[in-house]
Amino acid sequence: MKNPKTKSVAAPAVRDGSNARPRPRPVRPYGYSRAEVDEIFRRFSMQRPEPKGELEHSNAFTLLVAVVLSAQATDAGVNKATRGLFAAADTPEKMAALGEERVGAFIRTIGLWRGKARNVIALSEALIRDHGGEVPDSRDELVKLPGVGRKTANVVLNSVFGQPTMAVDTHILRLGNRLLLAPGKTPEQVEAGLVRIIPPRYMRHAHHWLILHGRYVCKARKPDCPRCVIADLCKSPEKWSSIPAPLVPIAPEIDAASSQEP
Ligand code: SF4
């Protein structure tokens, strides 16, 4: 007898013996239907229609430098240091002319500042030498720059060039696993899972939505489920409330004002 609780996972491939192709299987990441994933990101898009990264920058180069400086540092701490640095140098040419010692003096309040100052000068020189002073729009080229890893490259490709990349930081790694949206041991596994399931029209901002959700609601120590707009959809074993919070737009300034957590 058929168990009434058993859900069919996917439509079987239909073949009629002719040239018919099997139907594509719907994406069902760990029990989420495609409609549920779509609804999760629709709500994030309503909540933060134009999310902004919290690292202050004025062009592709200053974003690249800010992301390099942000490793093991808070965005607020990086912003404090880069206001002076970027006022003095907002292009690779000006940065290279500034020199390692003066860059170091601007960023001394950030962890690992000596190595970061060295990398900022080396990457500025590499941009001048190999890319005509422009930030390249390819991951392969970006990760060749000193101090630039896959995560930094993905942030730049997404924020500057609008590419559908997913930079997996500590918040996104946690959310991919906790929500069972894209479980994985490594950032690369979670990145691949998220890129596979997130509807393309939401890829541009998905990175920011997930980071902000992880930073302010689905926090590391304990998720704040009563404040969560996707509480009814979430399939996390750690969820402790299923009533979704009201879907109210949040202004970027409100996020920025509370951006003290790493
Ligand atoms: S319901 Fe709770 S566990 Fe699920 S995403 Fe929201 S805050 Fe995180």
Original post:
Any chance region 198-212 includes a residue that's under 11 Å from the mean Cα position of the chain (by Cα), more than 16 Å from the ligand (Cβ to nearest atom) and among the aliphatic types (A, V, I, L, M)?
Top reply: yes
Original post:
Which residue out of Ser45, Ser138, Ser124 is more than 19 Å from Ala153 (Cβ to Cβ) and of a type in the set (S, T, N, Q)?
Top reply: Ser45
**OP:** Within region 152-159, identify whether any single residue is in a loop (DSSP other than H, G, I, E, B), away from the ligand (no atom under 15 Å from the Cβ) and hydroxyl-bearing (Ser, Thr, Tyr), and answer yes or no.
**Re:** no
**OP:** Could you tell me whether region 173-195 includes any residue that is touching a residue at least 60 places away in the same chain (Cβ under 8 Å), outside the structural domain of Val135 (by TED's automatic domain parsing) and of a type in the set (Val, Ile, Thr)?
**Re:** no
**OP:** Among what's in region 221-249 and is surrounded by fewer than 15 Cβ atoms within 10 Å (Cβ to Cβ) and β-branched (Val, Ile, Thr), pick the residue that is nearest to the ligand (Cβ to nearest atom).
**Re:** Ile243
Original post:
Lys52 passes all but one of (1) modelled with pLDDT under 90; (2) under 19 Å from Val148 (Cα atoms); which number fails?
Top reply: (2)
Original post:
Which one is farthest from Asn154 (Cα to Cα), of the residues in region 66-90 that are part of a helix (DSSP H, G or I) and in contact (Cβ under 8 Å) with a residue 60 or more places away in the chain?
Top reply: Ala76
Original post:
Given the structure, is His213 outside any loop (DSSP other than H, G, I, E, B), modelled with pLDDT under 95 and under 20 Å from Met46 (Cα atoms)?
Top reply: no
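The values are calculated or read from the model by the stated rules, or taken from the named source; none is laboratory data. All figures in this text were calculated on a predicted structure; none of them were measured in a lab. Note that each Cβ is placed from the backbone with ideal geometry, even for glycine, and that neighbours are counted across all protein chains shown.
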